[in-house]
Each structure stands twice: as C-alpha cells, then as structure tokens.
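The values are calculated or read from the model by the stated rules, or taken from the named source; none is laboratory data. A quick note: this is a predicted structure, and the numbers were derived from the prediction, not measured. Cβ: placed from backbone, ideal geometry, glycine included. Neighbour counts: every protein chain shown. For accessibility, only protein heavy atoms count, side chains too; no ligands or nucleic acids. Shrake-Rupley method; radii C 1.70, N 1.55, O 1.52, S 1.80 Å.
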Amino acid sequence: MAESNLMDKLVALCKRRGFIFQSSEIYGGIGGFWDYGPLGVELKRNIKDAWWQDVVRKRDDIVGLDCSIIMNPRVWEASGHIEGFTDPLVDCKNCKARFKADGVFGVAARQGDDVLLAVGIEASEAEGAIAAAQSGANSKTRRRLEKAGDKVAWSVVRADKRSSANDVVCPACGGELTDARTFNMMFKTYVGAMEDSSSMAYLRPETAQGIFANYKNVLDTSRLKLPFGIAQIGKAFRNEINPRNYTFRSREFEQMEIEYFVRPDEADQWYKYWRDARFQWYVNLGLRSDKLRLRDHDAEELCHYSSATADIEYAFPFGIAELEGVANRTDYDLSRHQEYSGRDMKYYDDETKERFIPYVIEPSGGVDRATLAFLCEAYCEDEAPDEHGKPQKRTVMKLNPRLAPVKVAVFPLVKKEGMPEVASGIYESLKAVGVACFYDEKGAVGRRYRRQDEAGTPFCVTVDGQTLQDQTVTIRDRDSLAQDRISADAVVEYVRAHVGGVN
Ligand code: GAP
C-alpha cells in the first residue's frame, strides 16, 4: 500500500470508528488540537498504563509524580524556556500566512539570464525543496526545464538566510515575506484578576521541569538513594507554528517523562541502559517492523546542556520522525534551579560522605506520537472468510492485546434459542472482573467480526447451538482467525491470560 494512501485510510478509520476526532469539529476545528473518541481514549490509556506499570510499578528505583500545569514563571527562566524556546518565523505581507523561517525556501531555476522558475516552497531541507518546486511547476514550465536539461542552474535560499526580500517569496501566494523574527512557543495566560506582566504565567511546554522543581521534595520524603528516577505523565502545550501530520505535531499533547538521577561517574552507563531499554519497550508492545530505529545525535545536533542524546524514531507514512528522545542532561537543570531558587539541590551520599549535584538521564516520550505509531503499525488489509466461507477483504488493526481498546467481544450466533442469555452471562462475568469487553447481537456474525477487527479487538467469543448442549463456546483469534472451542466457564481466565496484565 502506498504510504500516503495508508495515512488517508488510517485517518478515515480513526474517525469512522471513534479513535480520533478533530477538536471542536462542529465549528470547523482548530489547528493542532485533537480529541480521542471512545476507542482512542482506551488505546491511549492502555499505552500510558503500560508505561506506568513498566517504569514505575514494576521497579524499586522509580516513583511517580503529578505536577501542576501552570508553575511559577521563574521555573521557565531557570529552565531557559523564556529565552531559548523559540522558533524563527516569517509572515506573508500579502496573505498573512505564517511559516517557520527555517522551513521555507526560495527555489529558482535559470538558464543564463532567463528565469525559468522562481517560487517559495515549504520543505524540511534544500534537496526536498528543489524536488517539490519541480513537481509543483505547471506543464509549460516543466517542458522548458526539460528542454534546458543540464543547462539549468538551480539556486535554493532558506528564508532566514536570504540576502534580499526577492530571494524567498510566500509559498502560499507568492507575496513578499517579512524578515525572520523569533517567536516563543510557550502559551501564555494570566493568574488572578489582573491581566498584566506581573500576573503572566505559562502553560508548561514539557513535564520535565515539574520533576526538577520537586526533586528535593521527593528526595526528602522518600528513602530513595542514587540512582533513582521520578516519572510523570501529563499534558504539555506548545504553540507550534506549523502543526502537521495529523496528531504528530500538535499544540496540546501528552508526555511521559522519566528524570533518572545518577552519580556523574555512572551517567554514561545509565544513558546506554535507558537508550536500549526504551527502544525495547516499543518493540515489546508491537513496533516490530524495521520502521523503528534508534539514532544517536552527532555533536552539532546536541542541545547545549546535553552530552549525549539518542532519538527513537519511527518511519511514519509521512516520513521518519521522533517518538522519544533519551538524553544525558548532565547536572544542567538542577544547577540552574539551585541558582535561580537559591535552594540547595545537592545530594548527600552517606557512604562516601560526598555532596554533589546528580546528573540526569531523561527518557522523554510523547503519548500521542506513540499512539499514532501503534495505529500505523497495526493497520492491515487482508482477507477473511464470511459466514458462508467466502473470502472477503477486511481491514484489521493488529494492535498488541495489551494495548487493544476492547479485549474481547461476545456474540450470540443468533438472537434466539437462549443464546443471548448465555452470551450476556459471559459478558457480565468479564465486566465484573474489569476486562474491557463488548456485547453485540445485531446483524450477521461475519459483519460483527469485521467491526471488531477494525477496532483491534483480539478475541471474539461466540455462543452457538453447541454451547447449549456442552457449555462450550468458540473463541476467535483476530490475527490467525483460528477458532478454538473452550468451556464457557474458562473465557474470563483465557482472556486475562492473553492480554498481558492490563485490562
Ligand atoms: N523534556 C524534554 C522534551 O520535552 P522534546 O524532544 O521537546 O523533549 C519530548 O519532547 C517528546 O514529546 C518528543 O519525543 C515527542 O514524542 C513529544 N512531543 C514534542 N513536541 C510534540 C508536539 N508538538 N506534538 C506531539 N508530541 C510532541
């Protein structure tokens, strides 16, 4: 399946089946904001639960935290976000469209003094800009370019590096662009009745700083010793200039972050540990294809405070992009908070009698990006036999059972002969133990299976004529399509054993 096709089909399925909706759609939506429907919220919750179980509950060295979204603005001075969390942008003086200055290129093609093409193009790098300019040109220009062949001289100028206004024009209307200006991506608000600079506050752009601000509280109220971590899941807000690629770059999103505090001389070893452990976490939950990869940053790419960073990336249909970053943040954050707050952030090692500021290893992932990657990986089209044994095309979401929104659906084969009563009994016993389940008695059973396949439900239990004689039911596996007969009494245990401990 072509990758652009996959994205279109996935977006359509997510809307049709209630995974993801555009925010405030009835009013025309709002760019960069998304809502999760009944199936989507379960999938997202299961991803967060799996993370919390694996990094907090199953470990002795990590505790959780839930900080407020709005914090004292000094936090963002200390973290460097007020000064440095900026993007350069340019505006079109004509149509008022706004672009990231490092994502707009002026592309020109000349043959001698003759200008064959001069356009503004949005692209992530210069090579992509030339290709986009060529493919977007009209047929007359394309013919002229082809005719000129090797004689064409191409030039590409990025908007923030231009020497004259004519070098780069608006990609939307061809109008003149303003000079690049820096733009802080933090959303601002006011706390209390006054709306002036003294009451200005920010919606947090990352959950990490709440952890650093509480590092001493956690240390003083627990018996943790280095190495130890503090984990948090929560909303973050960034006024992205160009929200795009569905939920991938949103303005409101959720992060799941660990700040893992270590002795400076052990930082390298813990960095490698988390880099590998976090990669494996995605593999274990189903990102098994070669679309998942781990990429180390080279020296020029590192943030000023980081001594090593690796990105866990996924090849989405729109390109390879970051799911999670793992960084050695050194003692930068705690040192800055010590300086700005005046509070002592040192750790006292009672064995070595040393006092020092710990280093921090930070695995920082996005819940929405993980959700999108699991959805992309799960989408599959194959064939399954209908109730007459005839092969029919089906769309199936092969989600890991631990993440699937609904674990099991229960059907009576027909709506008579006591089958609905038996099926409802099984459904009630699943609900009683908290298994996410669904009851359906409407329409042909083949159609009911296909609805569950689209929702990613790993198991379907059907009560049929034989159930009434020997109290067995069929249990159908979504992926292999195998149908086993098991005792009706064994359904709850069977499902619990196969869904990996998360309801
Ligand atoms: N505390 C470090 C930090 O926030 P980041 O790379 O800016 O680092 C971490 O963000 C993760 O948050 C990213 O890997 C991504 O999964 C998610 N994320 C960042 N910006 C996002 C956006 N605009 N929309 C959705 N997820 C985003």
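Here are the numbers for this structure:
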{"item": "Distance between modelled label sites at residue 290 and residue 33, nm, 7 Å Cα→Cβ extension", "result": "4.2 nm"}
{"item": "For a label point 7 Å along the Cα-to-beta-carbon line of residue 199, residues of the stretch 73-97 with backbone N under 16 Å", "result": "73"}
{"item": "Solvent accessible area, Å² - residue 260, 1.4 Å probe, full protein context", "result": "0 Å²"}
{"item": "When each of 44/216; 9/48; 225/353; 44/407; 15/431; 58/353 is checked by Cα-Cα distance, pairs over 19 Å", "result": "44/216; 9/48; 15/431; 58/353"}
{"item": "Under the Karplus curve 6.51 cos²θ - 1.76 cosθ + 1.60, θ = phi - 60°, whole-Hz ³J(HN,Hα) for the stretch 345-355, x wherever Gly or Pro sits", "result": "9, 6, 9, 9, 8, 6, 7, 8, 6, 9, 10"}
{"item": "Accessible surface, the stretch 40-198, averaged per residue in Å² (probe 1.4 Å)", "result": "57 Å²"}
{"item": "Heavy-atom accessible area order for 351, 257, 125, largest first, 1.4 Å probe", "result": "351, 125, 257"}
{"item": "Solvent-accessible area of residue 281 with every protein chain in place, 1.4 Å probe, in Å² to the nearest 10", "result": "20 Å²"}
{"item": "Accessible surface, 1.4 Å probe, highest first, among residues 212, 237", "result": "237, 212"}
{"item": "The chain, helix-only ellipticity at 222 nm - DSSP H runs n ≥ 4, -39,500 (n - 2.57), divided by all residues, nearest 500", "result": "-9000 deg cm²/dmol"}
{"item": "13 Å beta-carbon shell around residue 168, net charge (K/R +1, D/E -1)", "result": "-2"}
{"item": "Percent carbon-and-sulfur accessible area, the stretch 1-126, ignoring ligands, DNA and RNA, probe 1.4 Å", "result": "50 percent"}
{"item": "Carbon plus sulfur fraction of accessible area for the stretch 229-334, probe 1.4 Å, in percent", "result": "45 percent"}
{"item": "Cysteines having no other Cys beta carbon under 4.7 Å from their own, within the chain", "result": "14, 67, 303, 376, 380, 437, 460"}
{"item": "Probe 1.4 Å, protein heavy atoms only - accessible area per residue of the stretch 378-503 in square angstrom", "result": "46 Å²"}
{"item": "Whole-Hz ³J(HN,Hα) from phi, Karplus 6.51 cos²θ - 1.76 cosθ + 1.60, for the stretch 238-248, glycine and proline x", "result": "9, 7, 4, 5, 10, x, 6, 6, 6, 7, 4"}
{"item": "DSSP-defined antiparallel bridges as percent of all bridges, the chain, nearest 5", "result": "90 percent"}
{"item": "With DNA, RNA and ligands ignored, accessible area of residue 139 (1.4 Å probe; Å², nearest 10)", "result": "70 Å²"}
{"item": "Under 18 Å from the residue 182 label point (7 Å along Cα→beta-carbon), backbone N, the stretch 223-247", "result": "239-241"}
{"item": "Packing-based ranking, highest mean first, of 144-153, 360-369 given that Cβ atoms within 10 Å are counted", "result": "360-369, 144-153"}
{"item": "Simple label model, 7 Å out from Cα along Cβ direction - residue 384 to residue 77, nm", "result": "6.0 nm"}
{"item": "The stretch 185-242, relative contact order in percent, only Cα pairs under 8 angstrom and at least six apart counted", "result": "45 percent"}
{"item": "Per residue value of the accessible surface for the stretch 281-375 (all protein chains in place, 1.4 Å probe), Å²", "result": "43 Å²"}
{"item": "Length gained when the stretch residue 3-residue 111 is fully extended (0.36 nm per residue, less Cα-Cα span)", "result": "35.3 nm"}
{"item": "Taking the chain and dividing mean pair separation by its residue count, relative contact order in percent (alpha carbons under 8 Å, at least six apart)", "result": "13 percent"}
{"item": "Fully extended contour minus Cα-Cα distance, from residue 151 to residue 428, at 0.36 nm per residue", "result": "92.2 nm"}
{"item": "Cα pair distances of the stretch 399-484 binned at 5 Å [whole percent]", "result": "3, 16, 27, 26, 19, 7, 1, 0"}
{"item": "The stretch 127-253: relative contact order in percent, alpha carbon pairs under 8 Å with at least 6 residues between", "result": "15 percent"}
